[in-house]
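The structure appears right after this line, and notes come after that.
The values are calculated or read from the model by the stated rules, or taken from the named source; none is laboratory data. A quick note: this is a predicted structure, and the numbers were derived from the prediction, not measured. Please note: Cβ atoms are built from the backbone with ideal geometry, for glycine as well, and neighbour counts cover all protein chains shown.
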Amino acid sequence: MKASIFTLFLFISIGSLRAQEIPFNKESGKIEYSGTITKQGTQDVLYDEIKAWVIQTFKSAEEVMLTDDPHTGKLSLKGSSYINLDPPNSSDTTLIDIPVHFNLLFDVQDNGYRYLISDIYFEHQELIIPMEETLLTPTQQERIIRDRLFDSQYSEEEKVTLVREGLDHYRQYKNKGRSTVKGIEWLIKEGLSNN
């Protein structure tokens, strides 16, 4: 039921995406960053370059690779980065490190390759927050937060504070998450163009 409500809210929010320049794939229902890079070389040579770049760029690259198939030109991995959330109040100066997880797929052909960054989500306080939730309106986000707090032991006053903090987190997830993914895109384009 919650999944269908989320899907409904997500499709309601799609209309505002054009102004926000977030690459939303209507078919998959996910935010997906993609691009095509033209580069001279055979599929085998380009595949080897990309694999070497992945191993150099990602810690424990062998552990995070999901697909490694030079014959089809498909290489995919589960990557992660971090964003820093601002502290909930101005007296606290400690930033909160939040992992951002994503899948990265390369489809290598002769004279170029395509990349796709998808399945982007944040992990915070034992919650998995898909990046798509950042596209919802604040009212929709508040409903999600309140649903998560429904059976909690918090007082109403504490819940109000947690909702306020949660809405601020969504704002930061959207802005900082988008910047992080754009940084990954830049790293792909620049890192592989220098090989």
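Summary table
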{"quantity": "Residues satisfying the stated conditions in the range 61-84, i.e. of a type in the set (D, E) and assigned to a strand (DSSP E or B)", "calculated": "D68, D69"}
{"quantity": "Among the residues listed as Q172, Q140, Q125, Q153, the single one being of a type in the set (S, T, N, Q) and touching a helix residue (DSSP H, G or I) at 6+ places or on another chain (Cβ under 7 Å)", "calculated": "Q140"}
{"quantity": "Single match in T134, T139, T93 (criterion: farther than 16 Å from Y170 by Cβ and hydroxyl-bearing (S, T, Y))", "calculated": "T93"}
{"quantity": "Residue that is free of Cβ contacts under 8 Å to residues at least 40 places away in the same chain, at positive phi and not aromatic (F, W, Y), where the choices are S60, S76", "calculated": "S60"}
{"quantity": "Among the candidates E27, E49, residue that is at pLDDT 90 or above and more than 15 Å from D107 (Cβ to Cβ)", "calculated": "E27"}
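Yes/no per residue for (1) in contact with a Gly (Cβ under 7 Å, 6 or more places away or on another chain); (2) surrounded by fewer than 13 Cβ atoms within 10 Å (Cβ to Cβ); (3) not β-branched (V, I, T):
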{"position": "Y115", "(1), (2), (3)": "yes, no, yes"}
{"position": "D119", "(1), (2), (3)": "no, no, yes"}
{"position": "H124", "(1), (2), (3)": "no, no, yes"}
{"position": "L135", "(1), (2), (3)": "no, no, yes"}
{"position": "I145", "(1), (2), (3)": "yes, no, no"}
{"position": "R148", "(1), (2), (3)": "no, no, yes"}
{"position": "E156", "(1), (2), (3)": "no, yes, yes"}
{"position": "R171", "(1), (2), (3)": "no, no, yes"}
{"position": "W186", "(1), (2), (3)": "no, yes, yes"}
